[in-house]
1. Scan the stretch 61-68 and give yes if some residue there is farther than 30 Å from I284 by Cα and open to solvent by 50 Å² or more (accessible area, probe 1.4 Å), otherwise no.
2. Looking at L279, L290, which one is at pLDDT below 90, of a type in the set (A, V, I, L, M, F, W, C) and either open to solvent by 30 Å² or more (accessible area, probe 1.4 Å) or in contact with a Gly (Cβ under 7 Å, 6 or more places away or on another chain) (or both)?
3. Looking at the stretch 277-293 only, could you name the residues that are aliphatic (A, V, I, L, M) and in a loop (DSSP other than H, G, I, E, B)?
4. Considering only the stretch 118-140, state which residues are polar (S, T, N, Q), open to solvent by 40 Å² or more (accessible area, probe 1.4 Å) and not in a loop (DSSP other than H, G, I, E, B).
5. Only residues that are open to solvent by 40 Å² or more (accessible area, probe 1.4 Å) and assigned to a strand (DSSP E or B): list them for the stretch 96-116, please.
6. Given K7, K57, which one is touching a residue at least 12 places away in the same chain (Cβ under 8 Å), assigned to a helix (DSSP H, G or I) and open to solvent by 80 Å² or more (accessible area, probe 1.4 Å)?
7. Is at least one residue of the stretch 308-326 closer than 24 Å to L160 by Cα, out of contact with any Gly (no Cβ under 8 Å at 6 or more places or on another chain), of a type in the set (S, T, Y) and open to solvent by less than 60 Å² (accessible area, probe 1.4 Å)?
8. So I17 ticks every box in (1) touching a Leu at 6+ places or on another chain (Cβ under 8 Å); (2) more than 17 Å from G143 (Cβ to Cβ) but one. Which box is left unticked?
Amino acid sequence: MDTHLAKRLIRLLVLTIAYLLLLAYCFIFNNDAGWSLWFLLTLILLFDLLSLFPSLKKVQVTIEESLQVEQGATISLPIEIFSYRPLFFPFIALYLSFDDGFHQQTLSFYRGASIRTQAQWVPPTRGVYDTFTATLRSHDLFGFIYKKRSITIAQSVLVLPAYRAEATALLPLITEQTQRYTYGEPTFTIKQFRAYRPGDSLKQIDWKLSSKQQALVYREHENLQTQALVLIFWGEADAAFEATLALFYSLHQLMQKQHTVQILLFGSGLSSPYQTDALAYAQITPFDKLPTGIPPLSGRHVLLVAPAATDQVYGYMEQLQHHNSCQLLTYADLDRQIAEEVDI
C-alpha cells in the first residue's frame, strides 16, 4: 500500500473514532459542553466535505506562447491557470504538476481567478514538443481524500541542440576556408597599381614607385578563381549524430553574420536541405539513406561535417568532385581541433 495513502487512512480512522467517542460521551453525560464540542466538530467535518465540491474540470491551464530553448538549458514556461466561471467554494489547495523536468505549482484557496505563473522546465531531449501532459490535484481540508484530473496542454516548444561554447575553436577551420575559396588566394601577378586607401596593408605599398610619384602607391595582386563556400551537415545515422549536430548548430550561431557561407542540412524530417531555421534544428533526425531532393552543386567549395566517415558520404563526395572541390570533417576531426586549441 502507498505510504501516503496509509497515513491518510490512519488519520481518517483516528478522527472517526474520536468523533464516535465524543458522540457517546454526549449521550452518556448529556451536558452542554459535550454537545457544544460535538456540534463544533460536526460543522468542521461538514466544511471539510464542502471543500471537495469544486470540480477540477472547471480549471483550465494554458501555456501562453510558443518558445524555443537549447537542450540542457532551463526555460520558464508562462502558464495561465483560470476558470471560465468563479467557483462558489474554493479549492483548499490546488496542485499543478507536469511530467519529467517540471516543478510542481501550488495554489491555496483558489477560486477560479486568472493566475499567471512560471513553470521551470529542463527539456530531456531535442525535438518539437506540441503537447504537455499535466495533472491537477486537490484535497479536502484535512487531506483525507484526494482527487485528480489529467489534462493535455497544446502548445509548441522547440528544443534545439545544446549550444557548445567550445565550438569557437572550430572557427579558424571555417574562416580559412572562407578566405581561400570565397575571396581567392593572392597570386604574384599584379593586377594594377592604385592610390593607397586607409586600411590597405602596408606590405603591399610599392615604396620605390611611391617615392617617384610623391604619393603612396598600392600594389593590387590578382586572386585565383573564387568559389562560394557551402557548409553541409551530413546527418547520417551514427552514435555521434547528436554531438555532431550540437557542434554544427553552435558553429552556425557563431557565423550568423557571415553571409558568404551557405548552410545546408541533410537529414530526415526536413522539407528541404535549405531549411536551416530553429524548427529545422529541432526536427532533424538521422537518415540511413540520403533523402531525395538534395540540390545539385556546381562551382562551390563544399565542406561536409559528418558524424563519421562512411561509404555513403564518400560516394556523395565523389559526385561533388566533378564540379566542385570538397572536404570532409568528421566528429573526430572536430573534437581533435577543439582539443588542440584548448592545449594552445
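The values are calculated or read from the model by the stated rules, or taken from the named source; none is laboratory data. Computed from a prediction, not measured in an experiment: that's the story for all the values here. No Cβ is skipped: glycine too gets one built from the backbone with ideal geometry, and neighbour counts run over all protein chains shown. Keep in mind that these areas ignore ligands, DNA and RNA; they rest on the heavy atoms of the full protein, side chains included. Shrake-Rupley method; radii C 1.70, N 1.55, O 1.52, S 1.80 Å.
1. No, there is no match, as no residue in the stretch 61-68 is farther than 30 Å from I284 by Cα and open to solvent by 50 Å² or more (accessible area, probe 1.4 Å).
2. L290
3. Answer for the stretch 277-293, where residues must be aliphatic (A, V, I, L, M) and in a loop (DSSP other than H, G, I, E, B): I284, L290.
4. If the condition is that a residue be polar (S, T, N, Q), open to solvent by 40 Å² or more (accessible area, probe 1.4 Å) and not in a loop (DSSP other than H, G, I, E, B), then Q118, Q120, T131, T133 are the ones that fit.
5. Correct list: T106, S108, F109, I115, R116.
6. The conditions single out K57.
7. no
8. Unmet condition: (1).
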